[in-house]
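As structure tokens, the structure follows; a few thoughts come after it.
The values are calculated or read from the model by the stated rules, or taken from the named source; none is laboratory data. These numbers were taken from a predicted model, which means no experiment stands behind them. No Cβ is skipped: glycine too gets one built from the backbone with ideal geometry, and neighbour counts run over all protein chains shown.
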Amino acid sequence: MYTNGEWHPGINDPTVFGWVIAAEYVIGAAVCGINAGQAVHAASRRFWITLSGVMLLLGINKQLDFQTFVWLEGRKIARYQGWYEDRIWAQGALSIAIALSGIVFIYLLVRLSRYERIEARVTMLGMVLLCVFVLVRSISYHPVDVFFGTVYGGWKLHRIIEMAGVCTVLVSALISLARTRFRAPRT
């Protein structure tokens with residue numbers, strides 16, 4: 001939790017909406033974990049285990065807000081080392097690192113999902129959306145913060161994007177589980 005310029009352990013988003021999203025992350029992690037248990041191929045199992053772990057970490061981070069801690073510590077280091085005023089190059093380098101990490105993450109998920117049906121691939125796209133969203137928000141670049149703070153229909157854009165990503169993962173993982181569990185036995 002961010003108060004008075006410092007990060008303190010605590011609940012970051014104690015609103016009903018914050019708790020609903022955190023619960024959806026945890027439920028999504030559980031559904032992905034169940035999909036892993038139902039998987040036939042080892043690659044499929046690794047795919048679902050990876051998604052389960054990432055969803056669980058994102059759910060915990062939703063309320064504990066670890067990226068703010070990292071951002072604040074980075075800011076302190078920049079000030080201490082005397083390059084805070086020239087931080088734009090660091091933000092650019094971090095943006096590039098996030099983009100490259102996203103590309104690597106997409107590559108790994110594509111490799112892991114090669115045996116999966118379409119709903120698993122949709123789950124993967126939702127996961128990529130979530131991870132990129134969390135990483136981009138963690139940069140704390142003013143124009144991006146203003147963009148994510150835009151209100152549509154009474155909801156801030158960052159809440160809409162996060163909810164869309166979580167729901168995409170959760171619903172497609174549920175569809176995958178239902179198709180696996182209720183598949184007609186072959187004769």
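Restricting to the stretch 60-89, name every residue that is acidic (Asp, Glu) and surrounded by 12 or more Cβ atoms within 10 Å (Cβ to Cβ). Scanning the stretch 60-89 gives a single hit, Asp65.
If you go through the stretch 23-47, how many residues are at pLDDT below 90, part of a helix (DSSP H, G or I) and either within 15 Å of the chain's Cα centre (by Cα) or among the aliphatic types (A, V, I, L, M) (or both)? Residues in the stretch 23-47 being at pLDDT below 90, part of a helix (DSSP H, G or I) and either within 15 Å of the chain's Cα centre (by Cα) or among the aliphatic types (A, V, I, L, M) (or both): 2 in total.
Output yes when any residue across the stretch 41-48 is touching an Asp or Glu at 6+ places or on another chain (Cβ under 8 Å) and of a type in the set (Phe, Trp, Tyr), and no when none is. Yes; the residues of the stretch 41-48 include at least one that is touching an Asp or Glu at 6+ places or on another chain (Cβ under 8 Å) and of a type in the set (Phe, Trp, Tyr). Of the candidates Ala120, Ala173, the single residue that is assigned to a helix (DSSP H, G or I), modelled with pLDDT under 80 and aliphatic (A, V, I, L, M) is Ala120.
Within the stretch 81-96, the set of residues being touching a helix residue (DSSP H, G or I) at 6+ places or on another chain (Cβ under 9 Å) and within 17 Å of Leu135 (Cα to Cα) comprises Ala90, Gln91, Leu94, Ser95. Within the stretch 90-104, the residues that satisfy the criterion of being among the hydrophobic types (A, V, I, L, M, F, W, C) and surrounded by fewer than 15 Cβ atoms within 10 Å (Cβ to Cβ) are Ala93, Ile96, Ala97, Ala99, Leu100, Ile103, Val104. In this entry, Ile49 passes the filter for residues that are surrounded by fewer than 18 Cβ atoms within 10 Å (Cβ to Cβ), farther than 27 Å from Trp155 by Cα and touching a Gly at 6+ places or on another chain (Cβ under 8 Å).
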